């Protein structure tokens, strides 16, 4: 009888201990699950960017504002200054994946240079010497297509990016010489390389801002 009572007591003790262990284990699992619950990612509402490059959308040094429209879409407007006047840009971007505007993106839009009626520079002329000459740089509007790639930098919402594309001018004539001896063909080639249009290569940095 004593032995039966002892076994019943032992069974109760084991059952109670096992229940406590199970309760503790389930409690730990629940806390762990609570700690690992994914919180919603809050993406910036807009980015303020600065960039540089060849035939850059905002010239050699300018800034732009890129604001989100939908998960995969954003609109961008920029301003810069060149020897040929102010350069304005406006366009849109499509992001291949919705990751707070990171990764691969494609863009299209328009740029406009205000022109410079008295652009002076030294170029080689038909006399064989380098002389100061003056050009009237016409206002010019271009359409562009771009591909971008964005990376996060730091622990905040900032990012760096690079881009490449093509800018197509609408104007057939971009400038004319207004003073000085006629420049050589090689000088014209140099000047044409500086004109808006052709391949685009750029890189930049963005600061994310939340409302």
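Points worth noting:
- Overall form of the stretch 29-176 per C-alpha gyration tensor (a/c, 1.5; a/b vs b/c): prolate
- For the stretch 107-211, the convex hull drawn through the C-alpha positions has a volume of 138 cubic angstrom per residue.
- Label point at residue 164 placed 7 Å out along Cα→Cβ; residues across the stretch 184-210 whose backbone nitrogen lies under 13 Å: 199-203
Values quoted throughout were computed directly from the atomic coordinates according to the rules given, and no laboratory measurement underlies them. For clarity, every value in this text was computed on a predicted model and none was experimentally measured. Backbone-built Cβ (ideal geometry, glycine too); neighbour counts: all protein chains shown.
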